[in-house]
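Inspection log for the structure reproduced underneath, given as structure tokens.
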Amino acid sequence: MRGQPTNKRLEKHHIENLIGRIYMSFCVLLLIVIIVSMVYFVASKGVANFVSGEVKVSEFLFGTKWSPEADTPSYGAFPFISGSFLVTLLAALIASPLSICAALFMTEIVPGWGKKLLQPVIELLSGIPSVVYGFVGLSVIVPFLRDTLPGQGIGVAAGALVLSVMILPTITSVAADALASLPQNLKESSFALGATRWQTISRVILPTTFPAIMTGVVLGMARAFGEALAVQMVIGNAPFVPHSLFESASTLTSVITLGMGNTTMGSPQNNALWSMALVLMLMTFVFVLLVRMLERRNRI
Amino acid sequence: MQFKKSWIMALTLTSVLALSACGNNGGNKATTNNGGNTPAATNTETSSGAKLSGSVLASGSTALQPLVEQVAEKFMDANAGVDIQVQGGGSGTGLTQVSEKQVDIGNSDVFAEEKLKDAAKAAELVDHQVAVVAIAAVSNPKAGVDSLTKQQLVDIFTGKIMNWKEVGGADQAIQIINRPASSGTRATFESFALGTKTEDLKGSIQEDSSGTVKKMIGETPGAIGYLALSYLDDSVKTLSYDGVEPSVDNVVAGKYPVWAYEHMYTNGEPNETVKAFLDYFLTDEVQTGDVVELGYIPASKMQVSRDVAGTVTPK
């Protein structure tokens, strides 16, 4: 009498366990298949031009002339690669100090209402669609730059400014988490030694959390590197290496989004765009590796 | 508990199905080598006079998309059994997908022969010209110029003329607002206004959406660019071309040369439903109604016609 229900329950547990395991394995397998096929697809499309001999790898990476529609087309992507790096680095340079200050403010200076007020506002920034950022950039930043600085307002500087606002939440939230997880006794010891709050922040807190904050910066840069729409609207998209910050330039993503729909699949120009997508993907791997390395340093 | 779990599983399964469905019909070209793709239209057997049914998938040109969407709505209202889906993606995407039989109709701003490098593939496609789009050179209102000749335009877009005063305007540097090299609008402007391909100039600006181009030209001092007639308004100055004003009447009469067909390509002869839909485009109801309303020029009104090579003949 008493044994039966237990058995039944056990059986039920077994079945539930089995269903759970099958479901989980199915999802994981699906995920792996999706990731592998994405990587394979981008890679196979990306190398098509190099395999067929249409474009040399060195010409693609270091060529400065991009004229795919010309009678003798050339597919130099260097202006776009350098443009991507330029706006990404500039955006990180602008956003990092702001983000770190915001994080310090939320965790060290006014942990109470500062965090309650600032955190939702900053998180709000990450929820705004990039087309809105692009349009705000076009309507506010570009005219401002045009009126106050040389050039037409459109260009690298406008792109970097728009991007820096977009990556603020990423860097801030990672930095704030890192600062919040700092062991209390470190700060207390510093104060016990008679250090002021600023001395504690600059000599103890920032150096200890530096790798974690850098993780946030790298994550922000990864986002900036891959952002397409907002940058495309304000950077100007001329396929040249810019000589000034107020000159029209292009990024990998902006050229891909401009060209992908208008070119036919399998044409050399389309494949060249896929090669750029491959460069973007490889760069993302580099960013992920960097984050991993920083995390490892962080643990010690 | 059990209910919850099966619910989650059902959700996953649906999303997987939806994903694979996307792969087959839709947006992406990931399935190009599948071989097993069939056109999305499944035309049920119809005897004479029976109602049309089936689904039609069209993709491509974003310039043509609003018209196709509006006409599709009307067509579906009249034929309850027909389901028409219209996607954007650009002319290149439309031509690729119709040539791979992933969609029933590929919308394009340019002749298939100009985009598809494989001539055999282009030859399989059947062209249906549903509307005409004319493109005008426009400038910032403060540039002080009303009209440009062909040669002046060529000199501006190749960077030989860099100040408006050289063409009789204000002393103001010229800022070119271009479309990307692969754009159909740019191809039309270059072929019929300039007669030559141009290279991207250093410092020029490229924007892909007509709305952004208009905004930039209206706001940027000394800007010049080109827009479809439907986008023109007082925020920009419309320039005459060799003294001919870009107007619908001048285009229809063959006086203003900068125009192109909007094409709807099918792979081979269309099935009954697709054919009925395409025929509906050429009815007076659509040509003088929706086409005009949305700022295109009716293909049926054109007094001249043009072939792939650009040769214009009176109709």
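Any read-out appearing in this document is the output of simple, stated calculations on the displayed coordinates, not a laboratory observation. Because the structure is predicted, anything quoted here is derived from the model rather than measured. Cβ coordinates were reconstructed from backbone atoms using ideal geometry, including for glycine residues, and neighbour counts include every protein chain displayed.
Hydrodynamic analysis of segment B:160-315 uses the Kirkwood radius over alpha carbon pairs. Inserted into Stokes-Einstein at 4 °C and 1.567 mPa s, it gives a translational diffusion coefficient of 73 µm²/s. Between the C-alpha center of segment A:169-229 and that of segment A:47-120 there is a gap of 23 Å.
In terms of overall dimensions, chain A has a Cα radius of gyration and Dmax of 24.8, 90 angstrom.
Membrane-span-like helices in chain A, defined here as complete DSSP H runs extending at least 24 Å along the helix axis by their C-alpha atoms with mean Kyte-Doolittle hydropathy no lower than 0.5, are A:3-51, A:78-104, A:156-180, A:206-226, A:268-299; this is a sequence and geometry rule, not a statement about a membrane.
Across segment A:225-293, Cα pairs under 8 Å and at least six residues apart give a relative contact order of 25 percent. Our note on the geometry: Cα centres of segment B:118-169 and segment B:49-69, 30 Å apart.
The charge dipole of segment A:1-137, taken about the Cα centre with unit charges on the Cβ atoms of Lys, Arg (+1) and Asp, Glu (-1), comes to about 900 debye, rounded to the nearest 20. Reducing segment B:267-290 and segment A:264-300 to their Cα centroids gives an inter-centroid distance of 45 Å. About its Cα centre, the dipole of segment A:195-300 is roughly 640 debye, where the only charges are +1 on Lys and Arg Cβ and -1 on Asp and Glu Cβ. Springs between Cα atoms under 10 Å define the GNM used for chain A, and in it the highest mean-square fluctuation of A:Gly53, A:Gly76, A:Gly216 occurs at A:Gly53. Placing unit charges on the Cβ atoms of the charged side chains and taking the dipole of chain A about its Cα centre, the candidate lying farthest along the positive direction among A:Phe135, A:Val162, A:Thr215 is A:Thr215. Counting only lysines at least 8 places from B:Lys117 when in the same chain, those with an alpha carbon closer than 21 Å to its own are A:Lys45, A:Lys56, B:Lys29, B:Lys101, B:Lys197. With neighbour counts taken as other beta-carbon atoms within 10 Å, the residues B:Asp249, B:Asp290 rank, fewest first, as B:Asp249, B:Asp290. By the count of other C-beta atoms within 10 Å, a proxy for reagent exposure, A:Thr72, A:Thr172, B:Thr158 are ordered fewest to most as A:Thr72, B:Thr158, A:Thr172. For a straight C-alpha distance cut-off of 14 angstrom, the aspartates and glutamates reachable from A:Lys115 (same-chain residues fewer than eight places away being disregarded) are A:Glu123, A:Asp177. The relative contact order of segment B:63-165, computed from alpha carbon pairs under 8 Å that lie at least 6 residues apart in sequence, is 16 percent. Contact order, relative form, for segment A:163-245: 48 percent (alpha carbon pairs under 8 Å, 6 or more residues apart, mean separation divided by residue count).
Shown for A:Ile35, A:Ile100: other C-beta atoms within 10 Å of each C-beta, ranked fewest to most, produce the order A:Ile35, A:Ile100.
Cross-link pairs exceeding 23 Å between alpha carbons, from the set A:Lys65/B:Lys202; B:Lys115/B:Lys215; B:Lys74/B:Lys215: B:Lys115/B:Lys215; B:Lys74/B:Lys215.
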